[in-house]
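What follows is one structure encoded as structure tokens, with my remarks underneath.
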Amino acid sequence: MKLRIAAESDRGLVRRENEDSFLASLPLVVVADGVGGQNAGEVASALAVEVLTEWKPRLSARRPDRLRDAARDANRRIYTRAQHETSLQGMATTLTAAWFEEGTCTLAQIGDSRAYLFRDGELSQLTEDQSAVAQLVKTGRISREEAYTHPWRNRILQALGGAPDVVVDMYSIQLQVGDRLLIASDGLTDEVRDDSLKDVLATVEDPELAGRTLIARAKEAGGRDNITVVLVDVTGNGDDEAPSKWRHAWDVLNRPITLRRRT
Ligand code: MN
């Protein structure tokens with residue numbers, strides 16, 4: 001499976017800091033959206049990326065339980081650190097982690113960052129938000145459109161670091177050549193409706209340009225939150241390329257703490 005990746009994170013137009021963190025280091029992709037006082041959210045999301053990066057050598061398409069274990073380990077470590085440092089109390093982060101190998105994408109999900117699949121002109125949301133409004137939509141009590149303005153729209157049911165353990169939602173899909181995966185924080189998906197996401201994914205072929213276009217749309221819509229976008233295009237069949245050969249070229253990291261960890 002040949003993949004092409006692009007990733008970018010933007011502070012948006014309102015927030016003073018960017019508390020999102022991401023890793024775009026194939027075959028691993030991580031998007032984490034931190035919350036917490038002062039800069040604690042940034043610490044939580046960066047720690048999630050750091051822990052997943054440590055787990056990278058042990059991850060495998062045949063062992064999806066390890067991606068789950070990595071997420072639970074990240075939870076424990078964020079939770080423990082929040083317990084021990086007063087300034088970090090209450091910090092937490094969402095996590096959407098994707099592992100691409102052998103034609104499969106395995107996803108681990110906590111919170112309301114999202115993974116979407118664009119295939120054959122159709123956009124489908126792969127992950128279910130662990131949020132109050134997603135529950136209301138699922139049970140038919142509000143529409144998907146009403147979810148965008150609902151007062152509970154930012155209330156997530158679980159986050160890494162919020163409790164000693166978490167229930168990680170796992171997903172797996174078989175990939176096809178031509179698939180385009182979008183992994184993004186809610187700074188994109190709260191501002192840009194699905195039909196507009198689809199429009200960009202369908203019309204902008206270059207993944208970097210498509211990513212920048214999505215961020216621009218989120219900012220045009222208000223840019224009220226940090227915006228992180230990772231796009232992975234499945235460009236061909238064949239053997240997975242050895243990550244060691246091209247890891248450097250594709251490592252896109254937005255945090256000094258993770259940059260230092262790059263080997
Ligand atoms: Mn956010």
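The values are calculated or read from the model by the stated rules, or taken from the named source; none is laboratory data. Note that the structure is a prediction, hence the values are computed from the model and not measured. In this analysis, Cβ positions are derived from the backbone assuming ideal geometry, glycine residues included, and neighbour counts consider all displayed protein chains. Accessible surface areas use protein heavy atoms only, side chains included; no ligands, DNA or RNA. Shrake-Rupley method; radii C 1.70, N 1.55, O 1.52, S 1.80 Å.
Considering only segment 150-235, give the helices (runs of 4 or more DSSP H) lying wholly within it that have at least 2 residues that are more than 16 Å from the ligand (Cβ to nearest atom) and at pLDDT 95 or above.
Hits in segment 150-235: 194-203, 207-220.
Taking the condition under 24 Å from Arg224 (Cα atoms), charged (D, E, K, R) and without any contact (Cβ under 8 Å) to a residue 12 or more places away in the chain, does Arg11 pass?
no
From the residues in segment 156-208 that are open to solvent by 60 Å² or more (accessible area, probe 1.4 Å), aliphatic (A, V, I, L, M) and in contact with a strand residue (DSSP E or B) (Cβ under 8 Å, 6 or more places away or on another chain), which one is nearest to Ile110 (Cα to Cα)?
Leu157
Specify the residue that is farthest from the chain's Cα centre (by Cα); the eligible residues are those in segment 139-149 that are surrounded by 12 or more Cβ atoms within 10 Å (Cβ to Cβ) and away from the ligand (no atom under 16 Å from the Cβ).
Restricting to residues being surrounded by 12 or more Cβ atoms within 10 Å (Cβ to Cβ) and away from the ligand (no atom under 16 Å from the Cβ), the top hit is Ile142.
Based on this model, can you work out whether Leu136 counts as open to solvent by less than 70 Å² (accessible area, probe 1.4 Å), over 20 Å from Gly36 (Cα atoms) and touching a residue at least 40 places away in the same chain (Cβ under 8 Å)?
no
How many of the residues making up segment 113-133 are open to solvent by 40 Å² or more (accessible area, probe 1.4 Å) and under 25 Å from Ser45 (Cβ atoms)?
Looking only at that region, the number is 2.
Where the second residue is within 16 Å of the ligand (Cβ to nearest atom) and of a type in the set (Asp, Glu) and the first is within 21 Å of Tyr116 (Cβ to Cβ) and lies in segment 88-104, which pairs have Cβ atoms under 7 Å and are six or more apart or on separate chains?
Close Cβ pairs (under 7 Å, with a partner that is within 16 Å of the ligand (Cβ to nearest atom) and of a type in the set (Asp, Glu)) amount to Thr93/Asp33; Thr94/Asp33; Thr94/Asp112.
Could you run through segment 71-124 and say how many residues are touching a helix residue (DSSP H, G or I) at 6+ places or on another chain (Cβ under 6 Å), away from the ligand (no atom under 16 Å from the Cβ), hydrophobic (A, V, I, L, M, F, W, C) and not in a strand (DSSP E or B)?
Result for segment 71-124: 4.
Which ones in segment 8-55 are away from the ligand (no atom under 16 Å from the Cβ) and either open to solvent by 10 Å² or more (accessible area, probe 1.4 Å) or not in a strand (DSSP E or B) (or both)?
Of everything in segment 8-55, those that are away from the ligand (no atom under 16 Å from the Cβ) and either open to solvent by 10 Å² or more (accessible area, probe 1.4 Å) or not in a strand (DSSP E or B) (or both) turn out to be Leu26, Pro27, Gln38, Leu47, Glu50, Val51, Leu52, Thr53, Glu54, Trp55.
Among the residues of segment 81-99, are any in contact with a Gly (Cβ under 7 Å, 6 or more places away or on another chain), open to solvent by 30 Å² or more (accessible area, probe 1.4 Å) and either over 23 Å from Gly211 (Cβ atoms) or at pLDDT 95 or above (or both)?
Yes, that holds for at least one residue.
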